[in-house]
Each structure stands twice: as C-alpha cells, then as structure tokens.
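The next block holds one structure in the form of structure tokens; read it before the comments.
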Amino acid sequence: MKEYLDRILNHEMLTREETKNILIGITKSQYPTEQITALLTGLQMRGITVDELLGFRDGILETGVPVPLDCERYIDVVGTGGDRKNTFNISTTSCFVIAGAGYKVAKHGNYAATSTSGASNVIAHHGVKFTDDIDKLNRCINECGIVYLHAQLFARAMKFVGPIRKSLQFPTCFNLLGPIVNPSKPQCQLLGVANLDQMRLYSNVYQRIGIDYGIVNSIDGYDEISLTSDFKVTTNNYEKIFKPQDLGFEIAKPEELVAGATEEEAARIFDSVLENKALPAQKNIVLANAAFAIQVLERGKKDIGECIDIARESIDSGRALHTFRKFVELNS
C-alpha cells in the first residue's frame, strides 16, 4: 500500500489488476483505516481512471455474491445519485413500465443516500422482502419479468469501506461503483449521470465491459431525463441532445418531480404513475426514461417515438401495474 500511495501522490496511475487486488485486500483487512482513507482521498483529488474504476469493480464482483439469471437479455436502469434534486423514484418506476411492456429487468438498488426515497425504500415500503436466494430471484424474473437486487445483500466489500466513506463526508470513487456492480452482470444498462464528465467516464467503462448502454444527463443537472430542460443521450449507436418537444412532451417544472418529504409521499407518486393517475409531467418523465431503456434493449433498431408508444401502452393497458402487483405477491 505504501508503494500505491507514493505513486498516487506522484500523479501516477494504478493498473486494473492493482486496484482489484487492493479491493480484495480491503476485504481481508490487510490495510489499516488510515491507509484506505489516504488512498480514497488521493484518488478523489487526482481523479480516477477507467482502469482503476474497472479494477475496483472486478474486486467487488469477485468478492460478492453472484446472481446467475437464466434469461438471455435484460436491463438495469439506475442513476448515479448525488444530484440532490430529491426526485421521486423515476428509475424504479420506469423498470416496472419496461417489464410491463414484455422486457426483462434486473434492477439493482439501495436505500436513499441523498434523497427521500431510494429504490430499496420504495420497494420495501410495499412489503417486499429482499432476498439473495437464486431460485427465488430466477422465479421472479421468469414469472413477472423483473427482479430486484438489494445491493447490501450482494456487494460484501462495501461494508468494509462504509464507515470510512461516512467519516470522510465527501464523494469517493465508491460512489461511482454502484451503477456498474449489478451482481447479475446485465447485458444492457440505462444510466443517468449528473454531469458530462461522468458521461464520458462511464461511456469508456461500458465500452470496455462490452455491453449495450444508454447514458443520459439533463443539462440542468438531473441524473435522469427530467424533461425540465434539454438532455443529452449517448449510446453504442449515437450521441445526441434532445429537447422535451422532440419527444412530444411539454417542459416539466422542477416541483413536479419532487419526491416529497417522506417515504409515504414518494411511494404515493410511484403508485400513481403505475395506476395511470399521476400528473402528466410525472407520467411523461417515466415514459421518457423507460423509452430510452427500451431502445437500448432493442439495440437501437426502434426509433425513440416507437419506444415511447411501447412504454405508454404498458401504463395505459394496466400491464405495468399488474407486473408490479405480481412482483409484490412473489416477494412478500
């Protein structure tokens, strides 16, 4: 570790294999807290490289609980978090719309860190019990098209750095790892990022991993398609800036996206979208995010207008709501 710290202080880069070994060493309690603190601080000040991030990812997946799902193609929809906008559960709601449209979803998530309600909060609020039982997880994705993977059950390495991350009180490279350590290793992902620097970083990461991806960022700082402004999308096939009007949507007001002050308020919005009773802006935002995820699943072969129609039919027909109710039934 002394050698690694000396190199970081000299602005040198670590290899993918080295950061993987560091992560594994952390899980074996090989390093004192002070050295791990110095490492995370040094990497944050210098800026982490693609290889370094991939090495930490390799270590987390190797030391964690794998989730082999017996279906060929599925997607995860997730945001990096940390945009401090306190939006309702847009990604999670979108996942049930996607599953309701007949696609497969393996949603990876956790409790909220900076907002009222994270994915795990809204899922647990409905009485769902989290599990790492592979048979139950496979039954769930096969019977209702979606499975939920609560991060704390799978990424064992995170508990070793949790107290350090909390005491540092600033973001570290581990904040960047959440979206890329889904233990089922999905072949597709839609990721929302809070800025264009993150978009470039993850674009390089996904190209190295070799999956089909879409990365979205709203120009006014949301880590999802918020429809409050223009937004940028980059995928395996294109890079483009869209206006809400390009999709046939009106511009949304920031207050229409807010989750509220409590988990109950956030859950009510989640329910209202699936029940097709939400504000038009709330429904439109979910449709937009679900549509770009569907386009990724379709390898870019459907235009975004067609994908919006598919997502809209999932809500309007009641299939999204039926999918969620079946999911709750299987996991309660």
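The values are calculated or read from the model by the stated rules, or taken from the named source; none is laboratory data. Bear in mind the structure is a predicted one, so any value in this text is a computation, not a measurement. Every residue, glycine among them, receives a Cβ derived from its backbone with ideal geometry; neighbour counts consider all protein chains shown. Note: areas computed on protein heavy atoms with side chains; ligands, DNA, RNA excluded. Shrake-Rupley method; radii C 1.70, N 1.55, O 1.52, S 1.80 Å.
Structure notes:
- Any pair with Cβ under 6 angstrom, 6 or more apart, that starts in the stretch 209-232 at a residue that is of a type in the set (Ser, Thr, Tyr) and ends at one that is open to solvent by 20 Å² or more (accessible area, probe 1.4 Å) and outside any loop (DSSP other than H, G, I, E, B): THR228/PRO254
- Residue check for VAL328: open to solvent by 20 Å² or more (accessible area, probe 1.4 Å), in a helix (DSSP H, G or I) and among the β-branched types (Val, Ile, Thr): yes
- Complete set of residues in the stretch 158-213 that are among the polar types (S, T, N, Q) and under 18 Å from GLY47 (Cα atoms): GLN169, THR172, ASN175, ASN195, GLN198, SER203, ASN204
- When MET199 is tested against (1) open to solvent by 70 Å² or more (accessible area, probe 1.4 Å); (2) part of a helix (DSSP H, G or I); (3) hydrophobic (A, V, I, L, M, F, W, C), exactly one condition is not met: (1).
- The residues of the stretch 65-86 that are crowded, with 19+ Cβ neighbours inside 10 Å and assigned to a loop (DSSP other than H, G, I, E, B), listed by number, are VAL67, LEU69, TYR74, THR80, GLY81, ASP83, LYS85.
- Scanning the stretch 204-242 for residues that are part of a helix (DSSP H, G or I) and either closer than 17 Å to GLY81 by Cα or basic (Lys, Arg) (or both) yields a count of 1.
- Subset of the stretch 144-162 (residues that are open to solvent by less than 90 Å² (accessible area, probe 1.4 Å), in a helix (DSSP H, G or I) and either touching a strand residue (DSSP E or B) at 6+ places or on another chain (Cβ under 9 Å) or not hydrophobic (A, V, I, L, M, F, W, C) (or both)): ALA151, GLY162
- In the stretch 163-186, residue modelled with the highest pLDDT [restricted to those that are open to solvent by 60 Å² or more (accessible area, probe 1.4 Å) and out of contact with any Gly (no Cβ under 7 Å at 6 or more places or on another chain)]: LYS185
- Filtered residue count, the stretch 120-165, keeping only those that are closer than 21 Å to GLY318 by Cα and acidic (Asp, Glu): 1
- Residue count, the stretch 247-289 (criterion: free of Cβ contacts under 8 Å to residues at least 40 places away in the same chain and either assigned to a helix (DSSP H, G or I) or within 21 Å of the chain's Cα centre (by Cα) (or both)): 7
- Residues satisfying the criterion are absent from the stretch 178-194 (criterion: part of a helix (DSSP H, G or I), out of contact with any Lys or Arg (no Cβ under 8 Å at 6 or more places or on another chain) and free of Cβ contacts under 8 Å to residues at least 40 places away in the same chain).
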